[in-house]
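A short write-up of the structure that comes next.
What follows is calculated from the coordinates using simple rules that are stated; it is not laboratory data. Worth saying up front: this structure is predicted, and the values here are computed from it rather than measured. Virtual Cβ from ideal backbone geometry, glycine too; neighbours counted across all protein chains shown.
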Amino acid sequence: MEFDVKTEFPDLLKRLSDKYAEYEYLLEDDFIEVIEFSVYHYLRLSNDPTITSFNSMARSWIKRACIEALDRITKLGVTGGIKQYSENGYQFTLDGVEISTALASEIIPRVGYPR
C-alpha cells in the first residue's frame with residue numbers, strides 16, 4: 001500500500017508536532033518516519049493485504065503507536081529493545097519490543113485456511 005503521510009495523516013502529523021514541540025531536535029521528517037513505522041506495524045499485524053484506507057479505529061491505533069514510540073524516545077531515552085533499566089533508584093521495565101505487547105495485541109489479524 002502506497003500512501004503519503006502528509007495527505008493521509010495531516011491531523012496526526014500536526015498533533016505530533018504540537019505535542020512534542022518542546023523537543024527541538026525532532027523534525028517533521030522524524031514525525032513522518034514514526035507515522036510510517038506505526039502504519040507498517042498496523043498493516044503487518046493485521047495481515048490484511050486488502051487494506052487500502054484506514055477507518056477511525058485503525059487511525060486511533062496508529063496514533064497511539066506513534067505516541068508510544070515517541071514517548072520511549074523522548075521521555076525514557078530508549079530507542080531499541082531494552083528490557084530493564086535501573087539507575088539512582090529509578091527503574092523501568094519494557095517488554096523489549098518496538099511497540100508494547102498490549103498495543104500489538106489489540107490488532108486481530110486476518111486469518112484464512114490452508115490452501
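In summary, the aspartates and glutamates within cross-link reach of Lys19, defined as a Cα separation below 17 angstrom excluding same-chain residues under 8 places away, comprise Asp11, Glu28, Asp29, Asp30, Glu33, Glu68, Asp71.
Rounded to 0.05, the FRET efficiency of the Lys75 and Ser46 pair, given R0 = 25 Å and the Cβ-Cβ distance, is 0.35.
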